[in-house]
Amino acid sequence: MCCEIKRRFLLLYATQKGQAKAIAEEICEQAGAHGFEADIHCISESDKYNLATEKDPLVVVISTTGTGDPPDTACKFVKEIKNKTLSPDHFAHLRYGLLGLGDSEYMFFCNGGKIVDKRLQELGAQHFYETGLADDCVGLEIVVEPWIDGLWLALRREFTSWNIKEDMSNNLRAVSNGVSTMTVDPSMSVVCSLDSEIQHLKLEDLEVKATDALSQRPANVQSLMSVQDTEPSLDRSVPPLSQSDLNIPTLPSEYIDVQFQDSTGQEQSVSSLISDGTVFHVPVTKAVQLTREDALKTALLLELDISKTTFCYQPGDAFCVICPNNAREVQELIHILGLSERKECFVCLKIKQATKKKGAALPEYIPKGSTVEFILTWCLEIRAVPKKAFLRALVAYTSDAREKRRLQELCSKQGASDYSSFIRDPNICLLDLLHAFPMCRPPLNLLIEHLPKLQARSYSASSSNLFQPGKLQFVFNVVEFPSSPSRLVSRKGVCTGWLAELVAPMLQPHKNSLRSKEGKSSAVKVSIFARPINAFHLPSDTSVPFMMVGPGTGVSPFIGFLQH
């Protein structure tokens, strides 16, 4: 950009699990290096922006949840723009670009983004940049990274187009340090050139770089790897990558200050994790293994006693189970980070005064007065696959040159294939990284800044309150993650593994199946809350024939349908 004045664009994100927010923050971080200023807000913060009067370009990053629904944070926004009284030219002044996130393993791929995209166009808004649809099934970064790179070209085109209109109408004069007013013909040439760039945009053609992106070649590349190492791995690369110049992401600005305080002995409760709903602590009355011992998967049925609560449901409804991270993994992480003596200390979080991060805010999902152990157990998804921004931040916290170089490679454009092969595809987590890079010791604030919220897991009810009053049943497979070259130990799913371990003492074998006697209330309890917005129910007229298709544990909600 030739002008010193940075051009503003509005950046809205709608997130369910934090991915859309993280991507929007990455866009915001990069914007300044390209001569732009991102005015970033959650789409639910309608008091901080007004699309009806917005004059600058709009960029939207939105995920999809449930069965093709927009995220909870976007529900109010979607309801407002679906208002049938809005005229077809309500957003005729608006020009936007949209990035949708989804998973092609689900039927309604990126439907949250598609709903918003379609409705904005119905109300007269126009694209200044083509919609991107990123697939978490194959890796969001495959679409996200080139889409972000292309965004800067599209914004340049958009603002250049505006300048032409201003010049032609003589309403505004182009202002810059010693730069004369742009004439029409050269400007049109610039726009055509940018149009051509964007139309033919490909990942290998993108040359945009952040100002602090590092292009570097080690003085002696061969000193960083053994000539005997011919196969790449998580902690080792081979030529040509090991000898390549690297384009790595902008270093994320740290923004959280952590202070430790002596504990008073009062631990936070699980209920404090949920701010918008009632949490019910209910006993498990029955646990049955539905599959045989030699089955490829282990399916369990759990029955909860909700008779003494106000929790209500109908067949097909989903509900959420609040689960902790694996206790052994939490203790191992605490040990590696050198926090063993502080694990019971209260953590006081503040925004760093000198941070350059725009819109920095403390995570709402970490209750005040939480200990180190509580945060790592109940608040942060320590199993999350590390994003490239996290890898970039970790570079500063290892003193080993080999580790620094490899972490830079894994977060670089040139190392995209290695990132997919050794991190995303095998579902590598922070603990695996710290084992592979033993000199890397990040501080707690870095984990809080880069690890997403530990989400409650959603399950479908597989029972009927009419058939079994006061009981709630659900069925699940115990998820298994086998060991791999990048992950030396096998693991079970965060929630399914925890539930299986929790009910192991009372688990009834397969031979008893669903005909086992009604269980008694036990000391084993789980915390649940209702999940609203669900249209997966029996037809209101039960005389109408209907078909039910649910392979595997997908049949479980239909058990409740038939009971009803």
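The values are calculated or read from the model by the stated rules, or taken from the named source; none is laboratory data. Please read all numbers here as calculations on a predicted model, not as lab measurements. Every residue, glycine among them, receives a Cβ derived from its backbone with ideal geometry; neighbour counts consider all protein chains shown. Quick note on the areas: whole protein, heavy atoms, side chains included, nothing else; ligands and nucleic acids left out. Shrake-Rupley method; radii C 1.70, N 1.55, O 1.52, S 1.80 Å.
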**OP:** Determine if segment 292-311 includes at least one residue that is open to solvent by 20 Å² or more (accessible area, probe 1.4 Å) and touching a His at 6+ places or on another chain (Cβ under 6 Å).
**Re:** yes
Original post:
Pairs, please: C-beta under 8 Å, at least 6 apart or cross-chain, first residue more than 23 Å from residue 27 (Cα to Cα) and in segment 374-389, second assigned to a loop (DSSP other than H, G, I, E, B) and among the aromatic types (Phe, Trp, Tyr)?
Top reply: 379/365
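Here's the yes/no breakdown for (1) hydrophobic (A, V, I, L, M, F, W, C); (2) over 23 Å from residue 329 (Cα atoms); (3) open to solvent by 10 Å² or more (accessible area, probe 1.4 Å):
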{"site": "387", "(1), (2), (3)": "no, no, yes"}
{"site": "392", "(1), (2), (3)": "no, yes, yes"}
{"site": "398", "(1), (2), (3)": "no, no, no"}
{"site": "401", "(1), (2), (3)": "yes, yes, yes"}
{"site": "408", "(1), (2), (3)": "no, yes, yes"}
{"site": "412", "(1), (2), (3)": "no, yes, no"}
{"site": "418", "(1), (2), (3)": "no, yes, yes"}
{"site": "422", "(1), (2), (3)": "yes, no, yes"}
{"site": "425", "(1), (2), (3)": "no, no, yes"}
Original post:
When you scan segment 347-384, how many residues do you find that are open to solvent by 50 Å² or more (accessible area, probe 1.4 Å), in contact with a Cys (Cβ under 7 Å, 6 or more places away or on another chain) and of a type in the set (D, E, K, R)?
Top reply: 1
Original post:
Within segment 323-330, is even one residue surrounded by fewer than 16 Cβ atoms within 10 Å (Cβ to Cβ) and modelled with pLDDT of 95 or more?
Top reply: yes
Original post:
Just a yes or no: is a residue in segment 34-57 in a helix (DSSP H, G or I) and open to solvent by less than 40 Å² (accessible area, probe 1.4 Å)?
Top reply: yes
Original post:
What are the pairs, 6+ residues apart or on separate chains, where a residue within segment 350-367 that is in contact (Cβ under 8 Å) with a residue 40 or more places away in the chain has its Cβ under 8 Å from a residue that is assigned to a loop (DSSP other than H, G, I, E, B) and exposed (fewer than 13 other Cβ atoms within 10 Å of the Cβ)?
Top reply: 351/361; 364/275
**OP:** Note down all Cβ pairs under 6 Å where the first residue falls in segment 229-254 and is in contact (Cβ under 8 Å) with a residue 60 or more places away in the chain and closer than 22 Å to residue 438 by Cα, the second is part of a helix (DSSP H, G or I) and of a type in the set (Phe, Trp, Tyr), and they're at least six residues apart or on different chains.
**Re:** 234/422
Original post:
Of the numbered conditions (1) modelled with pLDDT under 80; (2) touching a strand residue (DSSP E or B) at 6+ places or on another chain (Cβ under 6 Å); (3) closer than 26 Å to residue 27 by Cβ, residue 257 satisfies every one except a single condition; which is it?
Top reply: (1)
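A quick yes/no check of all residues on (1) part of a strand (DSSP E or B); (2) at pLDDT 95 or above; (3) in contact with a helix residue (DSSP H, G or I) (Cβ under 9 Å, 6 or more places away or on another chain):
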| position | (1), (2), (3) |
| --- | --- |
| 75 | no, no, no |
| 92 | no, yes, no |
| 104 | no, no, no |
| 114 | no, yes, no |
| 120 | no, yes, yes |
| 133 | yes, yes, yes |
| 145 | no, no, yes |
Subject >> Residues that are open to solvent by 40 Å² or more (accessible area, probe 1.4 Å) and of a type in the set (A, V, I, L, M), drawn from segment 58-98 >> reply: 86, 92
